[in-house]
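Have a look at the structure below, then the notes.
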């Protein structure tokens, strides 16, 4: 077996046990038959040997290039969350993870014997996989944690987090360091405010603007008029790096988590609360340490001068987006002059960014209100106000400027030669062609050339669907056609924002890459140097942070989906307005228009006809009646089933 024939990378598994392995270079994925997967699971890094064409014994699939897994390099997951069930006298875990194509055999452990396992059937548990014995149909593992009874709100929310590898509790070493900071952190902070190397902004008008339910404030804005008519704006970011040092327990855990997770009813923070909501949080009326990007802007919001470094700030006011908006709307109130100045500057910053081709998705987010027991009582779309945009504009300004600053410093061969970037590649040409075809079916035209599209053309499309029933669908389809933004040490720019340089600098309380950027800013300003070993780890860190970000987003979406289904579970039999959001040979995916919950109409339930799938036109067509159901069509539906645990809704056409 020549070594050069082996390919290494992640494998993707279907529920039927088929594997697919991406070869790259525009080659078709290798199909890995179930008999050749060598016990690989979805996401595992494997070594694959190409094996020539695979011919499906059933004849349903045309011949295609195949391969076999010869080695599992690393497992994507070692723990799984699911429900304990019993089959043929054997206790198994039915995993919640939908890409897990086999159950896990549960064996007794020192803490949970066979009799105890029997009493926990129907419970959600966390299981650690221990192995996969030769000749066995599934892997085996032991229960690490009994989460609770399936269906219970607390159980399901904890299960969602644990299922993506995020623990609500911190390990003992982190708890001990957090305890020491509770005792001594404030004294350390006060002592550091005497450091003359820090630029003092405590007498400059400063505020934070955040959601009404925010508990940690990691960014603040200061503003003051200068004698020459220019305006100084400071973007001040919580100095987490003062407390979280490379290699300490807090840092090791923060690296592992890489991000905070925001479920519908809770935050699972990257850092313990003593840091996230106290010592690092830019709370009002308290001195705080920051790392800042300070801009001198002219009245047209052009940058005249910029400075990056360590600061001391004192926030005069904690605004919510709503009450900051009230001050602007009423033309009076706390810090009105400062807010109005920031708002006028932000509009000019945004206009220039849009002119360069930055894509304005402005996709509404679903907000779910829960009662004290966790039951959903209302679902609405979050409203984006001018103050949301104001904060976004200045955060983007800072992120871009810091990225440029570090790129300039690291390109000269100096001691700190590496940086982290947040990049967004141009969309894949095939995806853009598919999007253009889909939009054509819906009556929209996306101007593209050979799969190439500009941000301006995408903005024109998004503007054309505003206020229409299919707006949410078109925005979602367009978002899905985009490449995913990731962290990397190799800069390729940010297509969506139309930036040549971009990084994450503004949220170190909840994102680890931002903390790294703070350390780099400090190092270049004469602070603690970044060691070569730390820089060599940047590539691995970038991949890990990107993966953890996806896992957090999956958990957040799943928590919203679960509560959408639970909210609608009391309304079985009711009718709703919906839009067809997907079409397959199995049926129609529909999105209910008030809650934006999605569900399915199985093809057999569509109506009294035989419906055939017209893949080219994204529709199902009745053979006898020629009745057509097409992507993007409005449809009146009736809810017939809501399965909360599976996060699934079943609909039928209202007339059926």
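Points to keep in mind about this one:
- At least 2 residues being farther than 27 Å from residue 559 by Cβ and in contact with a strand residue (DSSP E or B) (Cβ under 9 Å, 6 or more places away or on another chain) is the threshold, and among the strands (runs of 3 or more DSSP E) wholly inside segment 317-427 those reaching it are 317-320, 421-423.
- Residue within segment 257-273 that is under 18 Å from residue 241 (Cβ atoms), surrounded by fewer than 17 Cβ atoms within 10 Å (Cβ to Cβ) and in contact (Cβ under 8 Å) with a residue 60 or more places away in the chain present: no
- Residue match in segment 88-108 (condition: at pLDDT below 90, touching a helix residue (DSSP H, G or I) at 6+ places or on another chain (Cβ under 7 Å) and within 21 Å of residue 38 (Cβ to Cβ)): yes
- Test: residue in segment 154-167 that is at positive phi, modelled with pLDDT under 95 and either surrounded by fewer than 14 Cβ atoms within 10 Å (Cβ to Cβ) or not assigned by TED's automatic domain parsing to the domain that holds residue 395 (or both): yes
- Candidate set: segment 236-271, residues that are over 30 Å from residue 370 (Cβ atoms) and in a helix (DSSP H, G or I); chosen: the one farthest from the chain's Cα centre (by Cα): 242
- Residue ID - nearest to residue 311 (Cα to Cα), chosen from residues in segment 186-223 that are in contact (Cβ under 8 Å) with a residue 60 or more places away in the chain and in a helix (DSSP H, G or I): 192
- Residue match in segment 95-105 (condition: within 27 Å of the chain's Cα centre (by Cα), assigned to a strand (DSSP E or B) and either in the same structural domain as residue 24 (by TED's automatic domain parsing) or within 28 Å of residue 558 (Cα to Cα) (or both)): yes
- In segment 275-294, the residues that are surrounded by fewer than 23 Cβ atoms within 10 Å (Cβ to Cβ) and part of a strand (DSSP E or B): 284, 287, 294
- For residue 16, the conditions (1) touching a helix residue (DSSP H, G or I) at 6+ places or on another chain (Cβ under 8 Å); (2) in a strand (DSSP E or B); (3) closer than 30 Å to residue 106 by Cα all hold with the exception of (2).
- When 514, 528 are checked against the criterion of being at pLDDT 95 or above and at negative phi, a single residue qualifies: 514.
- Residues of segment 390-424 that turn out to be at pLDDT 95 or above and surrounded by fewer than 19 Cβ atoms within 10 Å (Cβ to Cβ), as a count: 2
- Flag for residue 514 being outside any loop (DSSP other than H, G, I, E, B) and within 30 Å of residue 98 (Cβ to Cβ): no
The values are calculated or read from the model by the stated rules, or taken from the named source; none is laboratory data. Treat the numbers as computed from the prediction; the structure is a model and nothing was measured. Reconstructed Cβ throughout: ideal geometry from the backbone, glycine too, with neighbour counts over all protein chains shown.
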